[in-house]
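The values are calculated or read from the model by the stated rules, or taken from the named source; none is laboratory data. The model shown is predicted, which means the values in this text are computed figures rather than measured ones. Cβ sites come from the backbone with ideal geometry, for glycine too, and all protein chains shown count toward neighbours. In case anyone asks, the SASA skips ligands and DNA or RNA and just uses the protein heavy atoms, side chains included. Shrake-Rupley method; radii C 1.70, N 1.55, O 1.52, S 1.80 Å.
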Amino acid sequence: MNRAEIAKEFYIEDHAVIYGLLVKYATQMCGDSGMDSSVKGTILYAKERGLRMAMRASADGEELTPNNYIAYGEWVDSKKLGKAEIKSVTPEYRTNSLVCGWCDAWKKYDLMEYGKVYCTWIDKNLVKGFNPDNELEIDSILSHGGPCCAFYWVGAKFNDMEDLKKNREKKAALADRVLKDFLYHTGHLLSAMCRQYYVDLGLVKGEAIARKALKEYCETFGSAKLEALVEEAKQDFLKV
């Protein structure tokens with residue numbers, strides 16, 4: 001099966017599960033040091049993603065504003081696993097995520113304890129990776145027991161729903177150049193987390209964490225997806 005074919009088999013569940021398994025084995029094997037490294041790995045992954053978005057926006061002559069962060073996002077929920085609502089457009093852009101594919105996957109595979117780490121650190125650091133001067137405030141998080149993930153996109157400026165619609169049209173126009181499939185995102189996640197484990201915990205422990213996580217991933221999703229994921233993780237994820 002070639003990359004294009006196997007990539008169609010990857011989605012949010014793959015991304016959520018490999019993350020949960022990595023954090024699970026890092027903490028089981030290395031305790032607090034494993035958890036600390038998992039936090040740092042999550043931040044590294046987030047900031048690299050945000051930086052990649054910024055590189056594309058800058059190459060297009062765009063300013064690194066909160067509005068452009070939204071337009072240059074690298075994924076969409078094409079299978080509609082999640083559910084979100086707009087709380088306000090002006091004077092503050094606020095959204096609530098009511099149903100989340102990541103949370104559903106962590107519940108399904110008993111990984112919620114480890115998934116909480118992702119939710120705590122991912123979104124704010126994605127924003128910071130795009131532009132350190134930008135901010136995202138989060139008042140509630142689903143995986144932590146909140147009723148939703150409540151996002152306040154500080155500085156995002158939409159005059160009305162029509163203005164927001166224009167931003168979404170811009171995002172749609174950028175899709176062919178900007179959006180990445182979940183094989184790519186899952187490969188990047190594996191790469192960033194392992195690189196951080198190697199730095200913090202050493203090569204031997206880092207490889208042991210990855211080996212255990214990938215073994216369990218393979219038992220769930222099969223060897224074809226495992227091989228595709230491992231190969232995907234070898235690339236330079238700051239190349240745009």
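Using every Cα-Cα pair within the chain, state what percent have a distance larger than 23 Å.
Cα-Cα pairs in the chain separated by more than 23 Å: 50 percent.
Do the sum for the chain: with -39,500 (n - 2.57) for every DSSP H run of n ≥ 4, divided by all residues, what is the mean residue ellipticity at 222 nm, to the nearest 500 deg cm²/dmol?
Helices in the chain give a 222 nm mean residue ellipticity of -21500 deg cm²/dmol.
Hey, rough spin-label estimate for residue 215 and residue 28, points 7 angstrom out along Cα→Cβ, what's it come to in nanometres?
So the two model labels end up 0.9 nm from each other.
If the elastic network links every pair of Cα atoms under 10 Å, which of 112, 29, 161 fluctuates the most in the Gaussian network model of the chain?
Judging by the Gaussian network model, the answer is 161.
Tell me whether segment 1-70 comes out rounded, prolate or oblate; compute the Cα gyration tensor, take square roots of the eigenvalues as a ≥ b ≥ c, and use a/c under 1.5 as the rounded threshold.
Taking the square roots of the gyration eigenvalues as a ≥ b ≥ c, segment 1-70 is oblate.
Please compute the net charge surrounding residue 111, taking Lys and Arg as +1 and Asp and Glu as -1 over other residues with Cβ under 13 Å from its Cβ.
Value of the local net charge: -2.
Just the number, please: carbon plus sulfur as a percent of the accessible area of segment 1-121, 1.4 Å probe, no ligands or DNA/RNA counted.
Answer for segment 1-121: carbon and sulfur cover 51 percent of the accessible area.
Taking the Cα atoms only, what angle lies between the long axis of helix 203-221 and the longest principal axis of the chain, rounded to 10 degrees?
So the inclination is approximately 80 degrees.
Do you know the relative contact order of segment 1-159, to the nearest whole percent, from alpha carbon pairs under 8 angstrom that are 6+ apart?
Value for segment 1-159: 29 percent.
What is the angle, in °, between the Cα long axis of helix 161-178 and the longest principal axis of the Cα atoms in the chain? Nearest 10 is fine, range 0 to 90.
So the helix axis and the longest Cα principal axis differ by about 40 degrees.
Rg/Rh for segment 24-163 to two decimals, with Rh computed the Kirkwood way over all alpha-carbon pairs.
When Rh is taken as the Kirkwood radius, the ratio is 0.99.
Skip the ligands, DNA and RNA, and give the accessible area per residue of the chain with a 1.4 Å probe, whole Å².
For the chain, the solvent-accessible area averages 49 Å² per residue.
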